[in-house]
Amino acid sequence: MLTWLAVLAGGALGAGARHGVNLIAPRLFGSAVPYATAAVNMIGALAIGVLAGMLQSQRLSLTTTERALYLTGILGGFTTFSSFMLDSLVLWQAGSTAKAVINLVGQLVLGAMLAYVGYRAGLR
């Protein structure tokens, strides 16, 4: 139960931070699109990479609940792109280069196609 609460609390923090970037981006770049999303995705990818590296090198130790708070909750609420990048990195590091590439390209292409299908469906 505590892990669920950690994910929920972290998700709220991450979503709040995401909204903050949406508000700041137009002031910095003149528009939120695509800069806010790009900034969030890059920040999230960097943050999850740093955390994963610190955990792997044992410079950081987190309980299961703490991992859920930071990785699933805060970063997941901020952007799922970070998890997408970490999954691809894990596949690549495990020697599954083809799976990593399929994951990267597949999700990008299929995601774009599904966004278009959903958009068209929403217009009807």
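When only residues in segment 67-106 that are over 12 Å from the mean Cα position of the chain (by Cα), of a type outside the set (A, V, I, L, M) and exposed (fewer than 15 other Cβ atoms within 10 Å of the Cβ) count, which is nearest to A15 (Cα to Cα)?
G106
Could we say that G14 is touching a residue at least 12 places away in the same chain (Cβ under 8 Å), within 11 Å of the chain's Cα centre (by Cα) and either more than 23 Å from N103 (Cα to Cα) or not in a helix (DSSP H, G or I) (or both) here? Let's see the steps before the verdict.
Values: touching a residue at least 12 places away in the same chain (Cβ under 8 Å): yes; within 11 Å of the chain's Cα centre (by Cα): yes; either more than 23 Å from N103 (Cα to Cα) or not in a helix (DSSP H, G or I) (or both): yes.
Yes, satisfied.
Kindly provide the set of residues from segment 1-40 that are at pLDDT 95 or above and among the polar types (S, T, N, Q), ordered by number.
Correct list: T3, N22.
The values are calculated or read from the model by the stated rules, or taken from the named source; none is laboratory data. Values in this document were obtained by computation on a predicted structure and should not be read as measured data. Note: ideal-geometry Cβ built from the backbone for every residue, glycine included; neighbour counts use all protein chains shown.
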